[in-house]
1. Is one or more of the residues making up the stretch 39-46 among the β-branched types (V, I, T) and within 30 Å of R557 (Cα to Cα)?
2. Could you tell me whether H205 is in contact (Cβ under 8 Å) with a residue 24 or more places away in the chain, in a loop (DSSP other than H, G, I, E, B) and either within 30 Å of L323 (Cα to Cα) or in the same structural domain as E83 (by TED's automatic domain parsing) (or both)?
3. Among (1) more than 24 Å from A505 (Cα to Cα); (2) surrounded by fewer than 13 Cβ atoms within 10 Å (Cβ to Cβ), there is one condition V536 misses while meeting the rest; what is its number?
4. Mind listing whichever residues of the stretch 20-32 are without any contact (Cβ under 8 Å) to a residue 24 or more places away in the chain and either surrounded by 12 or more Cβ atoms within 10 Å (Cβ to Cβ) or of a type in the set (S, T, N, Q) (or both)?
5. State which residue is nearest to the chain's Cα centre (by Cα) when the search covers only the stretch 291-319 and only residues that are among the charged types (D, E, K, R) and assigned to a helix (DSSP H, G or I).
6. Checking the condition part of a helix (DSSP H, G or I) and out of contact with any helix residue (DSSP H, G or I) (no Cβ under 6 Å at 6 or more places or on another chain), which residue from E66, E60, E32, E42 passes?
7. Could you please let me know if G435 is assigned by TED's automatic domain parsing to the domain that holds G327, surrounded by fewer than 22 Cβ atoms within 10 Å (Cβ to Cβ), in a helix (DSSP H, G or I) and at pLDDT 95 or above?
Amino acid sequence: MSLRPTLDFLLYDWLDAAALNGRERFADHSRETFDAVLDTCERIAREKYAPHNRTVDTQEPRFDGEKVVLPQATHDAHAAFVESGMLAAAQDYDIGGMQLPYTVQAAANAFFAKASVSIGSNMLTSGNANLLMVHGTDLQKRVFALNEFSGRWAGTMCLSEPQAGSSLSDVATRAVPDGVDFERDPLGPRYRLTGNKMWISSGDHELTENIVHIVLAKIPDAEGRLVPGTRGISLFIVPKRMVDTQGQLTGERNDVALAGLNHKLGWRGTTNTLLNFGEGKYPVAGRPGAVGYLLGQPGKGLHCMFHMMNEARIAIGMAATMLGMAGYEASLAYAKQRPQGRPAGPAGKDASKPQVRIIEHADVRRMLLAQKSYCEGSLALQLYCARLVDAQKTAETQAADDARLLLEVLTPIAKSWPSEWCLEANSLAIQVHGGYGYTRDFPVEQYWRDNRLNMIHEGTHGIQAADLLGRKVLMEEGRGLTLLAARIADTARRASAEPSLAAHAKALGEALARVGAATQAAWSTGDPQAALANAVPYMQAFGHTVLAWIWLDVAHRSLQGDPAAAAPATVGRLAAASYFFHYELPKIGAWLNVVETRDPICAQLPEEAF
């Protein structure tokens, strides 16, 4: 089974990505150039990534005392990805980019995530460089971002600390001015950083000649105290190896030391590190303290960082989606060839007859259809969000602003929904395989292990939920939620004219009204603690409503291109949509009940009662 037909339908028939070529930025492109990019990435993923997914899982990164050692397959895959130009795919021509729509870049990257998410972890470098292009000085862009886009250097984001995982208010890494003339360095105001960062993906390796760390730290006040909360957080560019203003290595190590590698359940092919900044192992100019260059304005680091975080969250959603898709394809192939059991007839099962393939059993079909609805629906959501990114950057003023606000509301869903439900798809893939699925003889157990991370990193499930209910649906007086509701209502209106979709359209309208009522009920007392106590059930219901909308829109478009619903692909999409409306959307009632009543049991249960 190939991902390509589904991608082609979503890109060209549903989202009309080819129409983007009518915009000035993409005028040099055509569907033929888009297809060429997809073909190239599909080939690299098939040849350089997929054959080594198990290799990087079993041959974990190790530190030999001097450097991190990775399998040769990882080096080869990284080199092939860099050579493809995909790190700078959406960037301007004059910096070596292709000026591709982000929609096409996201679709192309799906092949790498599906083939081996553990190898294909270049998203941090792209996000790091994109952040620099928005908030860096001209020289910072030229020295750091362009060398990352070329693949010569890699990038990370360093937020978490051992004592402060997601609690950024408690960041304790310090940045002090490096001498009296610290502001005169052409690469930016120069500081010395001391502190520890934990859970840093790709924090150390030898895939590139340098690694550019983007680090959150606090500048002490005149008395040497750190400002409490997030207001005092600034952002710094901290290269692993020192560089000059021409982007050349000086030969001197920066005072950034690998303190250890974390040994993980999954994503084992990507290093995950504890980094010490300024411990004195590699003193620069004979003094301890990692050299960092201020990025953006002092005290505005968190604002800048979230530019990178939002992109990373969409990328995590795609990774979760494609891990689910990989498991679905594996379990579908297994179900088509595995004989087991016999169907029950009027007189019971006839043991004299040959066994049937397990795909002929209704419960196995239920599990396969659930996976299909989760994974293909999630893929459509990710590409829809990518299309919004292009609209934000290239559409007319009002449409661009609408896209910006819709992205704000949808980003928590784009990250969290696939992380939960495509993980469930991986669990079902194991179940389809039965006992074999629990062994390492089949790939589905690795897909589940790899996917389990996605509910945690780049903002945990609970953080995404608090962001959605506590900020996103309220921002700009709820205008983002209003915009989304209007698009959902428009889909329901159009789909209601199709007899086969009318009941789904009605159910979607009712779900949308219920989410709106629950949003108001949650905040009816004005008490954030009461409102957010059930933020995760709210996000689950919100996400299911969004996915129901996506599926209804996809189903409606399928019927426009195939009115008789005769093609197997159309039959499959309509069945997945029906499954979602019959089996999944009804779940929102239970979730929203506790939201609407602001059920206090989780928040108020005494600690000793646990």
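The values are calculated or read from the model by the stated rules, or taken from the named source; none is laboratory data. Quantities reported herein were computed from a predicted structural model and do not represent experimental measurements. We place every Cβ from the backbone using ideal geometry, glycine too, and count neighbours over all the protein chains shown.
1. Looking through the stretch 39-46, at least one residue is among the β-branched types (V, I, T) and within 30 Å of R557 (Cα to Cα).
2. Yes: the conditions hold for H205.
3. Single failed check for V536: (2).
4. Correct list: N21, S30, R31.
5. R313
6. Selected residue: E32, the only one of E66, E60, E32, E42 that is part of a helix (DSSP H, G or I) and out of contact with any helix residue (DSSP H, G or I) (no Cβ under 6 Å at 6 or more places or on another chain).
7. Criteria met by G435.
Table: residues versus (1) assigned by TED's automatic domain parsing to the domain that holds T519; (2) hydrophobic (A, V, I, L, M, F, W, C).
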position	(1), (2)
G543	yes, no
D553	yes, no
P563	yes, no
G572	yes, no
F580	yes, yes
E584	yes, no
K587	yes, no
E596	yes, no
E607	no, no
